[in-house]
Amino acid sequence: MILILESNTSQQDEDYKQLVTFLAGLEGIQTRVHIERGTEQVLTEIYLIGNTKMLEVEDMLALPCVERVVRVSEEYRILGRHKDDPRPSHFEYKGVRFGQDTLNVFAGLCAVSNAQHVEGMLKALRDNGQVCTRMGAYKPRTSPYAFQGHGKNCLPMVFDLAGKYGIKVIAMEITHESHLHEIQEALHQTGSPTGVMLQIGTRNTQNFELLKIVGRQQEFPVLLKRGFGITLDESLNAAEYLASEGNRNVVFGLRGMKTNMGDPHRNFVDFAHVPVVKRLTRMPVCIDPSHSVGSRQASPDGILDVMHVTAQGVLAGANMVLVDFHPEPSRALVDGPQALLIKELPYFLEDVQIAREAYLKRVALQEKFAAS
Ligand code: PEP
Ligand code: MN
């Protein structure tokens, strides 16, 4: 059960103290307080954990400071979408809104190669009105002999250039706690010219200790990729780990599932689950067409499979697209064969726009039908 308190309730208020004292006296019930500091108001939610079945919603509503009461199902308590649940399904970071109603494209390098490639990519993004990108510094690789990413050494260069080209958010995978500190330090050192969305890759979806560490910080939002060989429920619980530790600014990423049933794509494209995740949770949903498809193959209509599946995901209501581009794919250190070309960026963005408009028309059509 969640008690949503009146906005701007302070922990110093007498009413608040009374409430806390009352809750502490409830047998078999533990409480966890979550405070969300927005630009205009402070929202406090108190999670009641334990045998809440015996509690009546009306009784809880009568308590001091309590504005609303939500009875949550056992699953995904914080990130889940519960009945009569007024909590928002969006957050803001660096002035960019991430919600179940928005769409942000994160085009960029799978892995940072050199400053020239980074600059070429960022300049193209700025020239095409983009404020987000992806740049990998820490790359988990199948072979221990493969390039592992430039790590902390490339961070100041990437952050400085991002600032130069007005990029506000960089999606960047981390695989270890030390990477979080290295990113914080590099941002500090460069005067925070940009922001970072920490990415948990599919190989780490159930790295619970990493999830707890990333969940405990609230400086950076998190993109959690679905685990490629586990159930959707297991991946959604992994996202809930982040939230249960305190960070609920989480985007859930679909990136294809590992099975040969999807051949010849690198992974079986799972973007049919975009609306499913939006129904089960309040998280914005990201699609990663590059790591799903894994090649530059095109169908007889001339359209690349990467672009077809992007359109399919956006048409289904996706909120973020994470996609590999590269100024010189033949010289990319990771995943060159699946990268789109810089000259394809405006074409790609226009194609995404077509799919987005079609999605919005579909929503309007549904509303008209429901009203009739
Ligand atoms: C990536 O986005 O660079 C990546 C490695 O993705 P995933 O974890 O989905 O394989
Ligand atoms: Mn990759």
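Readers should treat all values here as calculations from the given coordinates under stated rules, not as data from a laboratory. Being a predicted model, the structure only gives us computed values, none of them experimental. So basically every Cβ, Gly included, is an ideal-geometry build from the backbone, and we count neighbours across all protein chains shown.
For the reader, a short list of remarks on this structure follows.
- Calculated from backbone phi, Karplus (6.51, -1.76, 1.60) coupling profile of the range 244-258 in Hz, x at Gly/Pro: 5, 8, x, 9, 9, 7, 10, 10, 9, x, 8, 9, x, 10, 7
- Those GluC sites (Glu not before Pro) in the range 42-105 that DSSP places in a loop and that have at most 14 other beta carbons within 10 Å: Glu56, Glu74, Glu75
- The range 92-371: relative contact order in percent, alpha carbon pairs under 8 Å with at least 6 residues between: 18
- Stretching Lys152 away from Gln353 to a fully extended chain increases their span by 68.9 nm, per 0.36 nm per residue minus the current alpha-carbon distance.
- Residue among Met261, Met197, Met172 with the largest mean-square fluctuation in a Gaussian network model of the chain, springs linking Cα atoms under 10 Å: Met261
- Theoretical gain in end-to-end length, Asn51 to Leu360 [0.36 nm per residue, Cα-Cα removed]: 107.0 nm
- With 30 Å as the limit on Cα-Cα distance, the pairs of Lys212/Lys343; Lys164/Lys343; Lys168/Lys225; Lys152/Lys225; Lys83/Lys212 that go past it are Lys212/Lys343.
- Cut-off under 5 Å, modelled amide H: who pairs with Gly195 long-range: Val169, Ile170
- Structural size metrics of the range 2-71, computed from C-alpha coordinates, are Rg and Dmax of 11.7, 37 Å.
- The convex hull drawn around the Cα atoms of the range 112-257, when projected onto a plane and averaged over every direction, covers 8.7 nm².
- Taken one residue at a time, the phi angles of the range 64-69 give Karplus couplings (6.51, -1.76, 1.60, θ = phi - 60°) of x, 6, 7, 9, 9, 10 Hz. Gly and Pro are set to x.
- All C-alpha to C-alpha distances of the range 1-155, sorted into 10 Å bins beginning at zero, yield P(r) values of 9, 27, 21, 17, 17, 9, 0 percent in whole numbers.
- Remark on the range 286-372: ratio of C-alpha radius of gyration to 2.2 N^0.38 Å is 1.25.
- Footprinting exposure proxy for Phe106, Phe91 (fewest neighbouring C-beta atoms within 10 Å first): Phe91, Phe106
- Spatially proximal lysines relative to Lys368 (Cα-Cα < 22 Å; intrachain offsets below 8 disregarded): Lys278
- Per-residue ellipticity at 222 nm, computed for the chain from helices alone with -39500 (n - 2.57) per DSSP H run of at least four residues, works out to -10500 deg cm²/dmol.
- Projected-area mean, the chain, by convex hull of Cα positions, square nanometres: 21.0
- Convex hull of Cα atoms in the range 116-201, direction-averaged projection (nm²): 5.5
- In terms of Cα atoms, the Rg and Dmax of the range 69-132 work out to 18.2, 54 Å.
- To the nearest ten degrees, helix 14-24 and the longest principal axis of the Cα atoms of the chain are 90 degrees apart.
- Take every pair of alpha-carbon atoms less than 8 Å apart whose residues are at least six positions apart; their mean separation over the length of the range 102-194 yields a relative contact order of 31 percent.
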